[in-house]
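Worksheet: one structure, shown below.
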Amino acid sequence: MTRGAQIGEAASANGLVAKVAGSVGALPQKQWDALAGGGNPFVSHAFLHALEQSGSVGPGTGWQSTPIIIENEAGELLAAMPAFLKGHSQGEYVFDHAWADAYQRAGGEYYPKLQIAAPFTPATGPRLLMRDPIYAVPLLRAAEQLCEANGFSSAHATFVEPDQLPLFEKAGWMRRSDIQFHWENRGYASFDDFLAVLASRKRKAVRKERAAAQSGVDIIHLIGDDIKEHHWDAFWMFYQDTGARKWGQPYLTREAFTMMGRAMGDQIILMLALDNGEPIAGALNFAGKAALYGRYWGCSRDKRFLHFELCYYQAIDVAIERGLPRVEAGAQGGHKLARGYEPVQTWSAHWIADPGFRDAVAEFLERERRGVAMDQTVLDRRTPFKKGRTDYPRPDGP
């Protein structure tokens with residue numbers, strides 16, 4: 001694959017050229033961020049460049065930064081997608097290991113594949129960054145041509161913003177769904193205001209959990225310049241411990257936290273639990289325009305319910321204080337349900353090069369979507385809200 005090269009004959013038309021850039025960092029920050037819109041921190045130039053610059057993506061990681069861009073004759077960015085060549089299926093949170101195994105048993109090479117995503121980040125956001133939706137088809141065709149020209153098996157856009165999913169489907173990409181648990185802010189003035197809509201037993205349970213978690217510790221929120229290197233050092237130890245237990249090794253390097261703190265500290269909320277001034281646990285959050293995103297958590301010693309307090313209840317406090325519409329507290333986690341987080345479908349889109357394999361995947365996805373819809377119906381019935389209320393509209397999916 002040639003970096004900076006035009007992608008196929010169809011990529012050059014009407015004075016527009018589709019290219020593969022060497023990195024997000026090599027592209028103009030103002031132009032990239034103008035396309036990204038500024039609402040989602042994980043597609044910002046600062047976040048993606050920090051991952052590149054810190055070595056969290058790049059050689060040896062299985063994530064090769066491969067942003068696809070469309071330029072006009074003057075070299076101005078008109079559209080872009082954060083894309084990566086993947087040598088494995090780690091760090092995506094939309095699992096296709098079974099697809100890879102099946103393809104390779106049939107004699108194919110599943111890797112490398114093209115991943116359109118915010119690395120290591122199961123948070124919904126735009127995947128097609130555009131001045132105008134007319135660039136959606138050229139962007140997606142460029143991704144397909146890149147795969148075809150280099151023999152890549154497939155392309156996958158994960159945690160796609162629902163408004164963009166029809167653009168993928170119109171281009172013939174296959175839709176996939178899963179379930180996360182999000183907290184929805186329905187105009188609550190305080191945490192107690194939120195608790196008032198829970199069933200009595202659930203309300204009492206949450207209060208007991210918060211009291212137990214807060215007992216004997218001080219919880220602080222650090223933002224921007226208040227986050228010092230010794231705070232990152234402490235959180236890095238928490239992050240390493242959690243990462244080693246969950247997926248074998250942490251994805252982010254220590255340098256990534258410093259770089260993100262410097263470049264986008266006003267969007268970061270680092271929550272620490274202190275015991276006599278010593279950090280014993282922490283949770284890292286990013287604030288967007290429409291959501292608070294809980295990303296990483298860890299601790300140096302166990303304290304009952306502290307995980308729920310830092311990751312879920314403190315996040316609700318912040319969302320209410322800032323007037324944010326929702327909290328996305330990461331992937332999976334049915335235990336969030338009892339704590340006021342509701343089941344919401346998330347979406348991904350997939351393009352498979354081989355027609356026979358594409359048909360097999362399409363059949364699998366149809367069955368899987370029916371199962372996910374049934375799961376959501378069951379989970380909806382288990383929410384902790386008072387029964388009989390009608391003012392809780394479900395977030396509609398595509």
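The values are calculated or read from the model by the stated rules, or taken from the named source; none is laboratory data. Values in this document were obtained by computation on a predicted structure and should not be read as measured data. So basically every Cβ, Gly included, is an ideal-geometry build from the backbone, and we count neighbours across all protein chains shown. For the accessible areas, the whole protein counts, side chains as well, though only heavy atoms, and no ligand, DNA or RNA atoms are used. Shrake-Rupley method; radii C 1.70, N 1.55, O 1.52, S 1.80 Å.
Yes or no: MET260 surrounded by fewer than 21 Cβ atoms within 10 Å (Cβ to Cβ) and part of a helix (DSSP H, G or I)?
In short, no.
Within the stretch 18-54, track down each residue that is touching an Asp or Glu at 6+ places or on another chain (Cβ under 7 Å) and either open to solvent by 50 Å² or more (accessible area, probe 1.4 Å) or not hydroxyl-bearing (Ser, Thr, Tyr) (or both).
LYS19, VAL24, GLY25, GLN31, HIS45, listed by residue number.
Given the structure, is ALA80 on the phi < 0 side of the Ramachandran plot and at pLDDT 95 or above?
yes
Please enumerate the residues belonging to the stretch 195-231 that are hydrophobic (A, V, I, L, M, F, W, C) and over 17 Å from LEU310 (Cβ atoms).
LEU195, ALA196, VAL197, LEU198, ALA199, ALA205
Quick check: is even one residue across the stretch 234-249 open to solvent by 20 Å² or more (accessible area, probe 1.4 Å), farther than 18 Å from LEU51 by Cα, aromatic (Phe, Trp, Tyr) and outside any loop (DSSP other than H, G, I, E, B)?
yes
Would you tally the residues in the stretch 68-106 being open to solvent by less than 20 Å² (accessible area, probe 1.4 Å) and over 24 Å from ALA331 (Cα atoms)?
7
Output the residues belonging to the stretch 346-362 that are surrounded by 18 or more Cβ atoms within 10 Å (Cβ to Cβ) and among the hydrophobic types (A, V, I, L, M, F, W, C).
TRP347, ALA349, TRP351, ILE352, PHE357, VAL361
For the stretch 330-345, which positions are open to solvent by 20 Å² or more (accessible area, probe 1.4 Å) and small (Gly, Ala, Ser)?
If the condition is that a residue be open to solvent by 20 Å² or more (accessible area, probe 1.4 Å) and small (Gly, Ala, Ser), then ALA331, GLY334, ALA338 are the ones that fit.
Yes/no per residue for (1) in contact with a Pro (Cβ under 8 Å, 6 or more places away or on another chain); (2) outside any strand (DSSP E or B); (3) of a type in the set (Asp, Glu); (4) closer than 26 Å to GLY356 by Cβ:
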| site | (1), (2), (3), (4) |
| --- | --- |
| HIS49 | no, yes, no, no |
| SER56 | yes, yes, no, no |
| LEU78 | no, no, no, no |
| GLN90 | no, yes, no, no |
| PHE95 | no, yes, no, yes |
| GLN104 | no, yes, no, yes |
| GLY107 | no, yes, no, yes |
| GLN115 | no, no, no, yes |
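Condition check: within 19 Å of the chain's Cα centre (by Cα), closer than 30 Å to GLU161 by Cβ, open to solvent by 20 Å² or more (accessible area, probe 1.4 Å) and charged (D, E, K, R). Does ARG295 satisfy that?
Criteria met by ARG295.
Can you tell me which residue among VAL217, VAL206 is open to solvent by less than 50 Å² (accessible area, probe 1.4 Å) and under 23 Å from PRO384 (Cβ atoms)?
Testing whether each residue is open to solvent by less than 50 Å² (accessible area, probe 1.4 Å) and under 23 Å from PRO384 (Cβ atoms) leaves just VAL206.
What single numbered condition from (1) in a strand (DSSP E or B); (2) out of contact with any Leu (no Cβ under 9 Å at 6 or more places or on another chain) fails to hold for TRP297?
Single failed check for TRP297: (2).
Within the stretch 211-223, is there a residue that is part of a helix (DSSP H, G or I), out of contact with any Phe, Trp or Tyr (no Cβ under 7 Å at 6 or more places or on another chain) and of a type in the set (Asp, Glu)?
No, the stretch 211-223 has no match at all.
Anything in the stretch 107-131 that is open to solvent by less than 10 Å² (accessible area, probe 1.4 Å) and under 8 Å from the mean Cα position of the chain (by Cα)? List them, or say none.
Selection gives ALA117, ALA118, PRO119, PHE120, THR121, PRO122, ALA123, GLY125.
In this structure, does ALA281 turn out to be within 15 Å of the chain's Cα centre (by Cα), buried (at least 18 other Cβ atoms within 10 Å of the Cβ) and aliphatic (A, V, I, L, M)?
no
Regarding LEU270, is this residue open to solvent by 10 Å² or more (accessible area, probe 1.4 Å) and in a strand (DSSP E or B)?
no
Filter the stretch 193-203 down to residues that are open to solvent by 20 Å² or more (accessible area, probe 1.4 Å) and either of a type in the set (A, V, I, L, M, F, W, C) or within 28 Å of the chain's Cα centre (by Cα) (or both), then give me how many there are.
So the answer is 2.
What residue, among those in the stretch 300-319 that are outside any helix (DSSP H, G or I) and in contact with a strand residue (DSSP E or B) (Cβ under 8 Å, 6 or more places away or on another chain), is nearest to LYS208 (Cα to Cα)?
Within the stretch 300-319, the match that is nearest to LYS208 (Cα to Cα) is LYS303.
Restricting to the stretch 320-335, what's the tally of residues that are part of a helix (DSSP H, G or I) and at pLDDT 95 or above?
The total comes to 3.
Name the residue that is most open to solvent (accessible area, probe 1.4 Å), counting only residues in the stretch 161-192 that are without any contact (Cβ under 8 Å) to a residue 12 or more places away in the chain and either among the aliphatic types (A, V, I, L, M) or farther than 17 Å from LEU129 by Cα (or both).
ASP192
Residues of the stretch 138-157 being open to solvent by 10 Å² or more (accessible area, probe 1.4 Å) and either within 20 Å of ASP359 (Cβ to Cβ) or outside any helix (DSSP H, G or I) (or both), which ones?
Across the stretch 138-157, the qualifying residues are GLU144, GLU148, GLY151, PHE152.
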